[in-house]
1. I need the calculated FRET efficiency for the pair Thr103 and His147, taking r as the beta carbon distance and R₀ as 30 Å, to the nearest 0.05.
2. Need one number: nm distance between label points at Ala226 and His64, each 7 Å from Cα along Cα→Cβ, rounded to one decimal.
3. Against the 2.2 N^0.38 Å scaling, with N counting residues, where does the stretch 107-218 land? I'd like the Cα-based Rg ratio to two decimal places.
4. Whole number please: convex hull volume per residue, Cα atoms of the chain, in Å³.
5. Can you send over the carbon and sulfur percentage of the accessible area for the stretch 30-120, probe radius 1.4 Å, protein chains only?
6. Per residue, how many Å² of accessible area does the chain show with a 1.4 Å probe?
7. Just the number, please: carbon plus sulfur as a percent of the accessible area of the stretch 123-172, 1.4 Å probe, no ligands or DNA/RNA counted.
8. Can you give the Rg and Dmax of the stretch 12-99 based on its C-alpha atoms, in angstrom?
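The values are calculated or read from the model by the stated rules, or taken from the named source; none is laboratory data. What you are looking at is a predicted structure, and each value in this text was computed from that prediction instead of being measured. As a convention, Cβ positions derive from the backbone with ideal geometry for all residues, glycine included, and neighbour counts pool all protein chains shown. To get the accessible areas, we keep the full protein, side chains included, count just its heavy atoms, and leave off ligands, DNA and RNA. Shrake-Rupley method; radii C 1.70, N 1.55, O 1.52, S 1.80 Å.
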Amino acid sequence: MKRYERQIILPEIGILGQLKLAEAKVLIIGAGGLGCPVLQNLAAAGMGTIGIVDGDVVEETNLHRQYLYALNDCGRKKVDVACEVIANQNPEIKIIPYADYFTKENAPEISSDYQIIVDCTDSISARYLINDVAVANEIPMVYASVHKFEGQLSVFNYKNGPTYRCLFPENEILETVANCNNSGVLGVLPNILGAMQANEVLKIVLNFGEVLSGSLYLYNSLDNSAQTIEIQKNKLNK
């Protein structure tokens, strides 16, 4: 427990809270710009079991924002590298790699044993699938997305709260939204939002603070401005 001393002395956590973290199981979909800081922060906090789903390999263009990887990792599977790095960072936790993309075919089996899903993808269709799996499994979905200099964050399906479909009803136009690959992103931005995602996961597991359910947090890195807008639950959208 010495590793977690500075965390355990917080009255909101303590030994019991640290034990809760050790027993928790979190699934991270995507080991890229958002996934790297989520994984690093949760591993450092002592999250007991972390699943990582990603079918990608490391590319040189990833390195300015995906800090788990180094130049000599290029061409290797992201989940393989991530497991090695995190095992060295914190050998006390369990990392389960899924070197594949999250699809309708494998989603039920992969997600069945986890209590929280963290959406670290940059695909609208993947987010709908993650949302639907979270709803089916009755577990929260911790969401973030980034674009150029701006990011957004929310927690969906938390204690029967609004889902991703409540905010973004499925629409073909949404599939044309630009992502980091074709519009660019400031390297620090996904690391800021990913750390915030990890914070939401910790609040959910430890049951303290105010979870960002029913709200969408919007952040602009150019002037450090932020605003929060309310999300209404639509019972027709699950």
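1. E between Thr103 and His147, to the nearest 0.05, is 0.75.
2. Calculated label separation equals 2.5 nm.
3. Compared with the compact-globule rule of thumb, the stretch 107-218 sits at 1.04.
4. Once divided by residue count, the hull of the chain is 125 Å³.
5. The C+S portion of the solvent-accessible surface of the stretch 30-120 is 49 percent.
6. 49
7. On the stretch 123-172, the fraction of accessible area on carbon and sulfur atoms equals 47 percent.
8. Considering the stretch 12-99 through its Cα atoms, Rg and Dmax are 13.2, 43 Å.
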